[in-house]
């Protein structure tokens, strides 16, 4: 197992790192195992390929995933997932980027949500990352953008929504190990966020 976080210049990236490291050590049964973190403009796709990662996490961040300076190498990572051969997980901005760069649109949300929990409802057959979480759970949200339902990519499926506006809160690819969550699994305000990320690392 080799896990990489691509940091979109966000303060939550360190929280993701702190969550992932003990999970990687548990799954590898290796107390010295680590997770590598790279800023989105400090590593190239070729350099990522050389590292042969098994899992890549695209972090939260400010800005818009369609803006190159905001998303850096993450766009190439999404478009080259099959070539990389790694399971891919997008969190917040990373999630939006998966929708945007696989053919969808990311638009303004009906309301800005920063530091609020919402009840998230699992949709359809539960995603592998939601194993053991039940049909609904509380999750922490910090975002002003969402993936647009009307132009949602046909290669993806919605795996969770929030109740108030029915907004897309999670997605996955129909045939590749690509997952996205709009909320923050690394937050203490998200129920079983650690289990969610352990499920991802077990893919």
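Worth a mention:
- The residues in region 164-187 that are at pLDDT below 95 and under 17 Å from residue 115 (Cα atoms) can be counted, and the count is 1.
- Any hit, region 134-151, residues being under 18 Å from residue 15 (Cα atoms), buried (at least 22 other Cβ atoms within 10 Å of the Cβ), without any contact (Cβ under 8 Å) to a residue 60 or more places away in the chain and in contact with a strand residue (DSSP E or B) (Cβ under 9 Å, 6 or more places away or on another chain): yes
- Residues being under 14 Å from residue 4 (Cβ atoms), touching a strand residue (DSSP E or B) at 6+ places or on another chain (Cβ under 7 Å) and without any contact (Cβ under 8 Å) to a residue 60 or more places away in the chain are represented in region 58-72 by at least one member.
- Only listed residue being surrounded by 16 or more Cβ atoms within 10 Å (Cβ to Cβ), touching a helix residue (DSSP H, G or I) at 6+ places or on another chain (Cβ under 8 Å) and not in a strand (DSSP E or B), chosen from 172, 191, 198, 176: 198
- When we screen 56, 43, 78 for residues that are assigned to a strand (DSSP E or B) and either more than 25 Å from residue 173 (Cα to Cα) or at pLDDT 95 or above (or both), the only hit is 56.
- Of all residues in region 177-203, those that are on the phi > 0 side of the Ramachandran plot and touching a residue at least 60 places away in the same chain (Cβ under 8 Å) have Cβ atoms under 8 Å from Cβ atoms of residues that are crowded, with 19+ Cβ neighbours inside 10 Å and not in a strand (DSSP E or B), 6 or more apart or on another chain, in 192/133.
- The set of residues from region 17-57 being in contact (Cβ under 8 Å) with a residue 40 or more places away in the chain, more than 20 Å from residue 193 (Cβ to Cβ) and touching a strand residue (DSSP E or B) at 6+ places or on another chain (Cβ under 9 Å) comprises 48, 51, 53, 54.
- Residue count, region 55-92 (criterion: farther than 19 Å from residue 156 by Cβ and surrounded by fewer than 17 Cβ atoms within 10 Å (Cβ to Cβ)): 6
The values are calculated or read from the model by the stated rules, or taken from the named source; none is laboratory data. Computed from a predicted structure; not experimentally measured. Quick reminder, even Gly has a Cβ in these numbers, built from the backbone with ideal geometry, and neighbours come from all protein chains shown.
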